[in-house]
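Below is one structure, written out as structure tokens; comments come after it.
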């Protein structure tokens, strides 16, 4: 019967629409999570890598200035400058400690802190201690480069995934349009045709 077929069509259309809506919702949820990960990755690049690299650069300059004062000035003025450099260094180390540290980075950072404490406590050769601190800073700087590259690659993968997701959603919408058109044409074919009767005059 045609009415039975019409009901089946409506059920098919409802099932298709429900499936498409479910796919779009799932895709949107996945897209939202991907965006949150991308936001976190970009934030980490800035806060945990670029800012940290600036701290390392400032610490390096601090230690270089300190080394210059140790070699060239041993009077009262040098002592005052060393005190000012220590205050600046302590602030930079504190800012660094509040960022995310990888396991390898944490080892070098702790070693750097230990070396700086030895310098401040006048234990050992200050010139040698200063050199060791700079070596730890170089190692930390290399870690920033490696981690920054890794985070950038992760961000590119997330962006690529987002583009694929958008294309997938567009394909779903196109398929939905095709299915709706097919159902419309199919329903038209079920409509009873009006028979025009011709009246003949006797």
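What follows is calculated from the coordinates using simple rules that are stated; it is not laboratory data. Computed from a predicted model, the values in this text were never measured in an experiment. Heads up, the Cβs are rebuilt from the backbone with ideal geometry, glycines too, and the neighbour counts pull from every protein chain shown.
In this rough spin-label picture, where each label sits 7 Å from Cα along the Cβ direction, the residue 90-residue 14 distance is 7.4 nm. On the basis of the beta-carbon distance and an R0 of 30 Å, residue 107 and residue 79 show a calculated FRET efficiency of 0.40. A Förster radius of 22 Å combined with the Cβ-Cβ distance from residue 157 to residue 32 puts the calculated FRET efficiency at roughly 0.85. Take the alpha-carbon centre of region 87-109, take the same for region 117-177, and report the distance between them in whole Å. That distance is 15 Å.
Rounded, prolate or oblate, given the Cα gyration tensor of region 95-150, with a/c below 1.5 counting as rounded? Since a/c reaches 1.5 and a/b is larger than b/c, the shape of region 95-150 is classed as prolate.
Listed from fewest to most Cβ neighbours within 10 Å, the set 185, 109 follows the order 185, 109.
Label sites at residue 181 and residue 120, each approximated as a point 7 angstrom past Cα along Cα to Cβ, lie 7.4 nm apart.
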